[in-house]
Amino acid sequence: MVRAKLWAVIRREFLERVQTRAFVIGCLLGPVFIAGVLFLPAYLALRNVRVAAASSLIVIDATGTGLGERLRTTLTTPASAPTASTSASHIEVRVTAPNEIAAAESLATKAVIAKTVDGYVVLDERTLRGQRARYAGRKATAVGDMRRLEQALRQSALAQRLATANVNPSLVDSLSQSRLVLESERLTEQGRGSDASRRANLMFAGAVAFLLYMSMILYGQMVLRGVLEEKTTRVAEVVVSSVSPDTLLAGKVIGVGAVGLAQQIIWIVATLYLGSLLAPMLMRMAPPPGQMAGADAANVPTMSMPDVHVGSLLVILAFFILGYGLYASIHAAVGAMVNSDQEAQQALAPVMVLIVSSAIFIQPVMLNPSNTVARVASMFPFSAPIIMPLRMGLVPVPAWELAVAILGLMAAVVAVIFLAARIYRVGLLMYGKRPSLGELARWVRQS
Amino acid sequence: MSELAIDVQHVVKRYADHVAVRDLSLQVPRGTVYGLLGPNGAGKTTTIRMILNIIAPDEGSIRVLGRPSNDASASDQIGYLPEERGLYKKMKVRAVLQFLGVLRGMTRDAADKQIDYWLDRLSLRTPDKDWGTAKVDELSRGMQQKVQFIGTLLHDPDLVILDEPFSGLDPINAQALKDTVVELRKRGKTVIFSTHLMDNAERLCDYVCIIARGAKVLDGAVSVVKAQHGGKHIALALSGEVRTGVTAVLSDTTLVTHVDDQNQFFELELARDATPQRLLERLVAAGAPITRFELVQPSLHQIFLQTVGAEGVEEGMSGQG
């Protein structure tokens with residue numbers, strides 16, 4: 001019978017929330033937002049590559065060796081067989097005497113300002129010695145472009161020097177053709193993952209931590225507003241004359257939690273679906289791999305699935321449930337303590353400090369998931385629900401640390417629910433002044 | 001089956017800075033209408049909340065329908081209308097009522113049938129308009145009160161507890177409420193209501209209990225209470241101006257201890273040693289143009305004033321009903 005009433009409370013909390021316009025809009029906008037965050041950088045990076053491939057350049061060659069010509073060949077010839085439509089690059093080599101560099105440069109500068117070319121590069125004696133070359137242009141800050149140019153320069157300078165040293169020209173070509181790419185792999189107990197999947201993991205872990213953080217705040221607030229509504233409309237009194245406050249509290253927390261879970265499942269499924277639509281589009285945009293120098297390739301996020309296992313999904317779910325239980329109970333107690341939204345926001349400030357300070361750790365932990373700060377934050381009950389899943393997505397976490405985090409969190413949840421239920425029981429029918437800490441302590445003792 | 005719907009024994013409830021209820025005992029027989037009377041702040045709501053097991057007494061015991069009040073199974077037989085009324089504003093009327101019904105142990109289907117009956121009966125559902133499908137905050141205040149009232153009676157409870165049911169009701173809803181209370185009583189239900197409006201209590205109640213400052217002042221059947229305080233009250237009506245001689249008679253404390261000018265007539269309380277005959281003699285002698293001289297039972301209002309006294313009045317009581 002108590003179960004039927006608990007079920008009725010859960011049912012009401014769930015249905016009344018999923019039928020609101022806010023929920024429907026949230027479900028629709030969430031995936032668009034997530035997809036935007038995930039795919040926009042990839043889209044922009046790919047667009048840059050295409051622009052870079054189409055860039056135009058003046059090469060001022062004052063070496064008197066034909067290095068400029070070599071550079072042009074290196075830049076325009078992809079390593080693999082050239083595909084159609086690849087060489088949109090326009091590269092003009094101007095062979096100059098060393099004492100006329102200044103004049104050639106001012107001419108080239110005018111061309112850059114007139115936007116007929118993107119930039120120019122000056123090659124001289126020192127370039128030939130393997131020391132330096134100078135670039136000036138509108139794209140001097142585009143990291144990918146500069147790396148590509150730099151690599152092509154090194155390669156051309158090396159080839160030129162080999163040729164000057166009278167090495168067989170065919171040997172020069174074959175020896176200097178270098179497209180070395182550093183591929184890093186992630187080693188875990190489960191095996192190895194590629195560089196791309198490492199990035200996918202980082203993104204996934206960060207997204208999970210952010211989602212957990214958002215849900216603690218979002219659904220905690222939802223519980224608080226629900227409690228406050230029952231209190232201010234005085235419905236609470238009728239309801240607690242039929243069910244115990246504990247049942248009402250449990251039903252509310254479970255019902256809102258179910259709303260949260262439903263929303264996140266909708267978000268994740270919809271994002272994956274959107275992703276499956278967008279990924280092929282991005283793939284089509286990407287130039288064939290050979291056309292990009294190694295540095296470019298590393299800049300393009302590859303559409304690789306993170307290596308997530310059922311086990312880690314269950315752990316994330318466990319942290320979601322425990323973390324939500326912890327913060328939702330606190331929010332419910334705060335809701336029972338206050339009489340208005342304004343008061344609620346004030347009383348909530350210490351709770352928000354706990355949540356937000358956990359979120360502040362997200363970035364440092366992503367950069368360094370194994371240092372002391374990260375380990376402590378991932379085991380401290382109030383930050384564990386956000387930080388531990390993040391760490392686990394990045395590095396293998398020792399089993400004992402995971403155990404400490406989960407058991408500590410469970411203990412904290414039990415303690416907080418015990419306190420929150422007592423504050424809730426008394427506060428729900430108390431109107432007037434917000435209680436002081438001393439009064440709160442008495443509420444806990446007396447109920 | 002106990003003869004008592006409610007048996008409260010020596011209940012005490014203390015708060016941090018005051019005692020809300022002190023050593024209160026009261027018995028409500030089954031099948032009666034019972035009025036819990038007292039000024040504001042007398043402890044009526046606290047007592048009702050303890051009967052409903054919303055709060056626990058510090059001392060004493062409460063039995064409801066033969067079971068301890070903290071036995072959760074009792075709550076399904078109780079209907080409760082709190083003083084501060086409110087519903088989930090954004091919910092549809094029917095959904096709210098279903099929810100309240102299920103919380104009182106009904107199935108969803110059974111609740112639905114009763115909702116149909118009550119919506120029709122209180123004309124919240126007419127061929128033109130079904131307010132059951134509207135949201136609560138689209139309803140007028142009067143209609144919301146009706147919905148709240150349906151929520152109280154939906155599960156056909158054996159015991160109905162109404163806290164200040166008449167406050168804020170328009171005359172039509174107040175009359176509907178009185179009719180319903182009478183009907184419930186005829187069907188053998190027990191109704192308890194708290195009020196500071198003595199008129200309503202006098203007309204509706206079989207039994208009353210007057211409490212002030214957390215303690216019981218008197219209780220019993222209305223007829224017995226009146227008889228105990230009766231025989232000393234006289235309704236006096238005069239035509240024309242009241243002459244000074246008459247005023248002198250009425251101010252004589254050996255004859256009359258209390259005069260309540262009710263505009264149409266005076267309600268007088270005789271001094272302990274005075275007789276009605278003696279008073280009538282003196283009035284006639286003073287030349288009073290008497291149109292009515294009647295020995296009456298005291299109104300609950302008079303008894304209330306007499307027993308609770310001036311202190312109760314000062315605490316914000318409004319006994320005029």
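The values are calculated or read from the model by the stated rules, or taken from the named source; none is laboratory data. Model, not experiment: these values are computed from the prediction. Here Cβ is always computed from backbone atoms with ideal geometry, including for glycine, and neighbour counts include all displayed protein chains. Surface accessibility is based on the protein's heavy atoms, side chains included, excluding ligands, DNA and RNA. Shrake-Rupley method; radii C 1.70, N 1.55, O 1.52, S 1.80 Å.
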The lone exception for B:D206 - which of (1) touching a Ser or Thr at 6+ places or on another chain (Cβ under 6 Å); (2) acidic (D, E); (3) free of Cβ contacts under 8 Å to residues at least 40 places away in the same chain it fails: (3)
Only one of A:V426, A:V404 that is within 17 Å of A:N339 (Cα to Cα) and either within 14 Å of chain B (Cβ to nearest Cβ) or without any contact (Cβ under 8 Å) to a residue 40 or more places away in the chain (or both): A:V426
Some residue of the range B:115-132 being among the polar types (S, T, N, Q) and closer than 24 Å to A:F14 by Cβ: no
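Give the range A:209-224 a look and list any residue that's among the polar types (S, T, N, Q) and open to solvent by less than 10 Å² (accessible area, probe 1.4 Å), or say none.
Quick first cut of the range A:209-224, residues among the polar types (S, T, N, Q) only: A:215, A:221.
Scanning the range A:209-224 gives a single hit, A:S215.
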Pairs where the first residue, in the range A:334-347, is touching a residue at least 24 places away in the same chain (Cβ under 8 Å) and over 8 Å from A:L228 (Cα atoms) and the second is open to solvent by less than 40 Å² (accessible area, probe 1.4 Å) and among the aromatic types (F, W, Y), C-beta under 9 Å, 6+ apart: A:M337/A:Y424; A:M337/A:W443
Search result, residues across the range A:432-447 that are over 41 Å from the mean Cα position of the chain (by Cα) and open to solvent by 80 Å² or more (accessible area, probe 1.4 Å): A:K433, A:R442, A:R445, A:Q446
Answer from A:V238, A:V227 - the residue that is open to solvent by less than 20 Å² (accessible area, probe 1.4 Å), under 27 Å from B:S69 (Cα atoms), within 14 Å of another protein chain (Cβ to nearest Cβ) and in contact with a strand residue (DSSP E or B) (Cβ under 7 Å, 6 or more places away or on another chain): A:V238
Some residue of the range B:104-116 being in a helix (DSSP H, G or I) and facing chain A (nearest Cβ under 7 Å): no
Within the range B:154-168, tally of residues that are open to solvent by less than 40 Å² (accessible area, probe 1.4 Å) and over 19 Å from A:V240 (Cβ atoms): 2
Helices (runs of 4 or more DSSP H) wholly inside the range A:351-423 containing at least 3 residues that are open to solvent by less than 20 Å² (accessible area, probe 1.4 Å): A:372-379, A:384-394
Any pair with Cβ under 6 angstrom, 6 or more apart, that starts in the range A:224-241 at a residue that is part of a helix (DSSP H, G or I) and ends at one that is aromatic (F, W, Y) and surrounded by fewer than 24 Cβ atoms within 10 Å (Cβ to Cβ): A:V235/B:Y88
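Residue under question is B:K90, and the condition is that it be basic (K, R) and assigned to a loop (DSSP other than H, G, I, E, B); does it hold?
On the way: basic (K, R): yes; assigned to a loop (DSSP other than H, G, I, E, B): yes.
Yes: the conditions hold for B:K90.
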Selection from the range A:219-256 of residues that are under 15 Å from A:H331 (Cα atoms), in contact with an Asp or Glu (Cβ under 9 Å, 6 or more places away or on another chain) and of a type in the set (G, A, S): A:G226, A:G251, A:G255
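State yes or no: is B:V284 closer than 30 Å to B:D7 by Cβ and either open to solvent by 20 Å² or more (accessible area, probe 1.4 Å) or modelled with pLDDT under 85 (or both)? Lay out the reasoning, then the answer.
Numbers: closer than 30 Å to B:D7 by Cβ: no; either open to solvent by 20 Å² or more (accessible area, probe 1.4 Å) or modelled with pLDDT under 85 (or both): yes.
Judged against the criteria, B:V284 is not a match.
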Total residues in the range A:1-42, condition β-branched (V, I, T), surrounded by fewer than 18 Cβ atoms within 10 Å (Cβ to Cβ), assigned to a helix (DSSP H, G or I) and within 14 Å of chain B (Cβ to nearest Cβ): 2
Test set (1) more than 24 Å from the chain's Cα centre (by Cα); (2) facing chain A (nearest Cβ under 7 Å) - B:G101 fails condition number: (2)
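Within the range B:88-98, restricting attention to residues that are open to solvent by 60 Å² or more (accessible area, probe 1.4 Å) and within 9 Å of chain A (Cβ to nearest Cβ), which residue is nearest to B:L162 (Cα to Cα)? I'd like the intermediate steps shown before the answer.
Looking only at the range B:88-98, we keep the residues that are open to solvent by 60 Å² or more (accessible area, probe 1.4 Å), and these are B:89-90, B:92.
Filter once more, keeping what is within 9 Å of chain A (Cβ to nearest Cβ): B:89-90.
Details: B:K89: 22, B:K90: 25 Å.
Filtering the range B:88-98 for residues that are open to solvent by 60 Å² or more (accessible area, probe 1.4 Å) and within 9 Å of chain A (Cβ to nearest Cβ), the one nearest to B:L162 (Cα to Cα) comes out as B:K89.
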Residue match in the range B:4-12 (condition: more than 16 Å from the chain's Cα centre (by Cα) and within 12 Å of chain A (Cβ to nearest Cβ)): no
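May I ask you to verify whether B:A134 is open to solvent by less than 50 Å² (accessible area, probe 1.4 Å) and within 14 Å of chain A (Cβ to nearest Cβ)? Steps first, please.
Details: open to solvent by less than 50 Å² (accessible area, probe 1.4 Å): yes; within 14 Å of chain A (Cβ to nearest Cβ): no.
For B:A134, the condition - open to solvent by less than 50 Å² (accessible area, probe 1.4 Å) and within 14 Å of chain A (Cβ to nearest Cβ) - is not met.
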Residues of the range A:65-107 that turn out to be open to solvent by 70 Å² or more (accessible area, probe 1.4 Å) and modelled with pLDDT of 75 or more, as a count: 10
Residues (open to solvent by 60 Å² or more (accessible area, probe 1.4 Å) and in a helix (DSSP H, G or I)) located in the range B:272-281: B:Q277, B:R278, B:L280, B:E281
Subset of the range B:218-234 [under 14 Å from B:Q302 (Cα atoms), touching a residue at least 60 places away in the same chain (Cβ under 8 Å) and either out of contact with any Leu (no Cβ under 8 Å at 6 or more places or on another chain) or open to solvent by 10 Å² or more (accessible area, probe 1.4 Å) (or both)]: B:L218, B:V222, B:K226, B:A227, B:H229, B:G230, B:G231, B:K232
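Working carefully through the options B:L184, B:L177, B:L162, find the one that is in contact (Cβ under 8 Å) with a residue 24 or more places away in the chain and within 14 Å of chain A (Cβ to nearest Cβ). Break it down into steps so the answer makes sense when it comes.
On the way: B:L184 fails: within 14 Å of chain A (Cβ to nearest Cβ); B:L177 fails: within 14 Å of chain A (Cβ to nearest Cβ).
After applying the criteria, what remains is B:L162.
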Count of residues meeting criterion [assigned to a helix (DSSP H, G or I) and more than 26 Å from the chain's Cα centre (by Cα)] in the range A:319-350: 19
Only listed residue being in contact with a helix residue (DSSP H, G or I) (Cβ under 8 Å, 6 or more places away or on another chain) and at the interface with another protein chain (Cβ under 9 Å from one of its Cβ atoms), chosen from B:R85, B:R125: B:R85
